[in-house]
Amino acid sequence: MPSMSELARKGAASDPPARTGGFLSGWRPAPSVLRHTARTVVAAAVAYVAGQAVGLPQAFWAVITAIVVMQGSLGGTLAASVDRLLATLAGALAGAGGILLALHVPMPRIAAFLVVLVPMALLANTRPNFRLAPITATIVVLAAPPDSGVLFAFARIAEITLGCLVGGLTAQFVLPDRARRAIETNAATILDALGRLADAHLRGGDPKLVDTLNDQVNRALNAIATAAAEESRERALHLRTGPPAAPMLRTLRRIRSDVAILGRAMLVGPRPDADPAAVAVHTYFDAATAFLQRAGPLPALEPIDHVLDALPQAGPLAFAVATLRRDLAELNDRLAEQLGG
């Protein structure tokens with residue numbers, strides 16, 4: 001009969017292994033996330049200190065605004081600051097009108113509030129950048145002390161203006177992330193995915209993989225379109241030099257279509273030997289990705305030229321590769337501009 005110590009050892013041996021990590025195990029935020037977090041914390045602290053220093057009655061509105069307007073890039077922060085400020089001005093002025101209406105016309109404050117809420121709600125529903133105007137009007141009319149008058153509205157304007165200024169300055173000077181960084185990062189993602197997508201088309205890859213890569217390319221293109229709009233705001237304020245992002249975005253969209261045409265070309269007529277084309281095209285995209293990541297030279301087009309010379313010139317694959325090669329030459333120009341500007 002086994003002893004108690006033996007039973008204990010057997011029980012311990014049969015127990016499931018202890019978990020070594022919780023739901024955050026392996027979580028490692030990206031550097032851009034850490035920079036954004038640092039900017040948000042700094043903006044909140046500076047807004048609070050500045051609000052207290054100038055004697056604002058409710059400095060926490062400056063803190064809230066600084067947190068709300070802080071975006072992933074300088075251009076995004078500037079856009080959010082302008083939208084927040086315009087919505088605040090509209091809502092605060094409407095709220096001031098509601099307070100004056102309640103003071104000079106015999107009606108309950110809730111009735112005055114509804115009078116000003118209607119135009120603010122219409123404005124927010126027709127102009128999305130004014131979506132905070134009804135909220136500001138609500139705060140001004142319903143939260144104002146009975147004896148405050150319109151000064152309460154102007155205090156909200158001052159507090160939110162301070163938050164916008166602090167947010168914009170923090171985005172500019174504290175670990176700044178320009179829209180250009182997002183453009184280069186997403187362009188590298190697109191080029192890497194297009195290389196694998198072209199290889200899958202030319203070698204008859206898994207349709208599920210093709211769908212996954214197409215989704216990845218489309219998401220990154222949308223991210224570049226957003227970053228390009230933010231970059232244009234930076235450029236308008238002379239915070240950005242070098243070439244604009246719009247030509248790069250147009251070129252990447254054309255190349256996405258060119259890669260899709262490669263897949264269609266493989267479905268027309270007898271299936272040609274596309275392995276040399278797959279190797280040359282995939283190699284080009286790998287080199288272009290490395291160039292954007294500053295890990296290699298500008299990609300060479302000569303291997304694709306050699307493939308074109310060997311393909312039957314009347315075939316659909318030759319036409320598809322020639323079209324892709326033409327747009328890749330333009331991509332080389334865009335890549336050199338982006339990293340040189």
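Overview of results
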| quantity | calculated |
| --- | --- |
| Dimensionless Rg over Rh [segment 33-173; C-alpha; Kirkwood] | 1.03 |
| Cα long-axis angle, helix 109-126 against the chain (0 to 90 degrees, to the nearest 10) | 20 degrees |
| Mean Cβ count within 10 Å, highest first, over the residues of peptides 279-286, 45-52 | 279-286, 45-52 |
| Largest-first principal axis extents, alpha carbons of segment 180-340, Å | 56, 31, 26 |
| Extended-chain gain in nm, criterion 0.36 nm per residue less alpha-carbon gap, V82 and D286 | 69.4 nm |
| Degrees separating the helix 60-69 axis from the principal Cα axis of the chain, which is the longest one | 20 degrees |
| Among 187-197, 310-320, the order from most to least packed when residues are scored by Cβ within 10 Å on average | 187-197, 310-320 |
| Gain on full stretching of the segment that runs from Q172 to A53 - 0.36 nm per residue minus C-alpha separation | 40.6 nm |
| Cα extents of the chain along the three principal axes, largest first (Å) | 88, 83, 36 |
| Burial order of peptide ranges 220-232, 67-79 (average beta-carbon count within 10 Å, highest first) | 67-79, 220-232 |
| Centroid-to-centroid separation of segment 306-334 and segment 122-163 [C-alpha atoms, Å] | 59 Å |
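Quick note: the coordinates plus some simple rules give every number you see, no bench work behind them. Keep in mind that what you see is a predicted model, and the values were worked out from it rather than measured. Counting neighbours? That spans all protein chains shown, and the Cβs are built from the backbone with ideal geometry, glycine included.
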